[in-house]
1. Would you mind working out the magnitude of the charge dipole of the protein assembly as shown relative to its Cα centre, with +1 at each Lys and Arg C-beta and -1 at each Asp and Glu C-beta, to the nearest 20 Debye?
2. Place the peptides A:144-155, B:61-72 in order of packing, highest mean first, counting for every residue the other Cβ atoms within 10 Å and averaging per peptide.
3. Greater than 30 Å separation of Cα atoms is the criterion. Which listed pairs, A:K19/A:K131; B:K19/B:K134; A:K194/B:K131; A:K52/A:K195; A:K52/B:K61; A:K134/B:K20, meet it?
4. Can you give the accessible area buried between chains A and B, summed over both chains, with a 1.4 Å probe, in Å² to the nearest 100?
5. Divide by every residue of chain A the summed helix terms, -39500 (n - 2.57) for each DSSP H run of at least 4, and state the resulting mean residue ellipticity at 222 nm, rounded to the nearest 500 deg cm²/dmol.
6. Taking the Cα centre of the range B:131-208 as origin, sum charge times position over the Cβ atoms of Lys and Arg (+1) and Asp and Glu (-1), and report the length of that vector in debye to the nearest 20.
7. Return the carbon/sulfur percentage of the accessible area of the range B:3-128, one whole number, probe 1.4 Å, all protein chains in place.
8. What is the spin-label model distance, in nm, from A:D200 to A:S173 if the labels are put 7 Å beyond Cα along the C-beta direction?
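The values are calculated or read from the model by the stated rules, or taken from the named source; none is laboratory data. All values derive from a computational prediction rather than experimental measurement. Note: ideal-geometry Cβ built from the backbone for every residue, glycine included; neighbour counts use all protein chains shown. The area values use the complete protein model at the heavy-atom level, side chains included, leaving out ligands, DNA and RNA. Shrake-Rupley method; radii C 1.70, N 1.55, O 1.52, S 1.80 Å.
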There are 2 protein chains.
Amino acid sequence: MSKEELKKVSDTKTTKLFKKGETIFEENEKLNGVFCVRNGVSKLSKLSPNGKDQIVKLASKGAVLGQRSVIVEEISNLSAVALNDMEACFIPKNAIVNTLNANPNFAVEVLRHMAHDLKEADDVIVNMSQKTVKQRVAEAFIYLKNNFGEDKNGYLALTLSREDIANVVGTASESVIRIISEFKKKGLIKTFGKKVAIVDPQSLNNLAEAI
Amino acid sequence: MSKEELKKVSDTKTTKLFKKGETIFEENEKLNGVFCVRNGVSKLSKLSPNGKDQIVKLASKGAVLGQRSVIVEEISNLSAVALNDMEACFIPKNAIVNTLNANPNFAVEVLRHMAHDLKEADDVIVNMSQKTVKQRVAEAFIYLKNNFGEDKNGYLALTLSREDIANVVGTASESVIRIISEFKKKGLIKTFGKKVAIVDPQSLNNLAEAI
DNA sequence: TAGAAAACATGACAACCGTCAGGTTTTAAA
DNA sequence: TTTAAAACCTGACGGTTGTCATGTTTTCTA
């Protein structure tokens, strides 16, 4: 969603706080507005019939949660949970709808944003179906580095539990744990508690992209 | 894309014909317009680094090909190939852009459509990552029935090669072949040449959805 | 701070699935 | 119609990955 356009609306709104682990909204919930992330990171996930959670997207500062469902006026197809303490402002549905109608450029802005999301989703589909679990874990680390950066010591700024990594990658947490220890042995990454640091980005990337 | 809105534009355009197997556009191609499917079915696929093609979507009558790329003004992230003889009309980029700006409702219509695609993509991600190949093949047959129907003899109206099914499901063609013969033995489906008919929809559905 | 709960870790094992290799059948083209 | 190519099919085999079981460490809370 357009930062400029949305800023006008969101600046008038108060900020809500969500603690780590708190649910922002659930799957199949009727949303009467969207949440604009000011701070922190949220996981957007969907429950599979087999009872496992699949994380579809990680949303951080600037991202808008629930816009898809609000626009098509459907119940949410995803649930949103805070991965760390979050600040987000709530924008009621009618504010969105009004702006969409009043400002023609706004719709196009939102459209562009959703088109981008759609492309990313296509990429995820290809990765999920064509790559091995090991490749996907490697890619997840690269993604985390590119999108959330590293702390002063070179560790990934966003720390996910093994379980969450498994839910991003679509595998079992045991597999993630095993792959992490394999990557450590090979000198591709290092860890400190739950934190992960990429040691050899080149090799990790080769592994993720290669045949 | 809105049928009403688009109809105004598309009716003024002549129809292009594509033979079975013919390429409509390729990945990384710069598109200067979109294709509106009048007849026939196209596969939209993306090449994975491992050299395999992943079919992301099947587009039939009423679908618009290339709109995502045209809207964000990027080169195409997918390639489009005709699965059978097709009729499609070409709508140049500027016609789209003009209509987007001129008609505020049009943008919202397109937005809704893209929001729908995005939800479907999310579902595909979950299926790909959480279901077994067997479940995905079962689901593919159900999908083909629901979206393209059956012929007078009860066979799926859209006949895909084993290879194409494999590319939809994200597996090897051998696996698809093996699973098809297993489904036949179990009385879930029957085949006639390349054609497939669903014999026991209930059991097939259970298999696709179950734990 | 102690105890409980959650997260992390590792081994064993079987099922799943991709690959290779060899066939047969179907399709398309000469 | 003959021939070549493509598609289909099956078996064998090994690597990958999910599951279960069990133990350790970390985190949370009373």
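1. 660 debye
2. Output ranking for A:144-155, B:61-72: B:61-72, A:144-155.
3. From A:K19/A:K131; B:K19/B:K134; A:K194/B:K131; A:K52/A:K195; A:K52/B:K61; A:K134/B:K20, over 30 Å: A:K19/A:K131; B:K19/B:K134; A:K52/B:K61; A:K134/B:K20.
4. Roughly 4000 Å² of accessible surface disappears when A and B pair.
5. -14500 deg cm²/dmol
6. 200 debye
7. After summing per-atom areas, the C and S share lands at 48 percent.
8. With each label placed 7 Å out from Cα toward Cβ, I get 2.9 nm.
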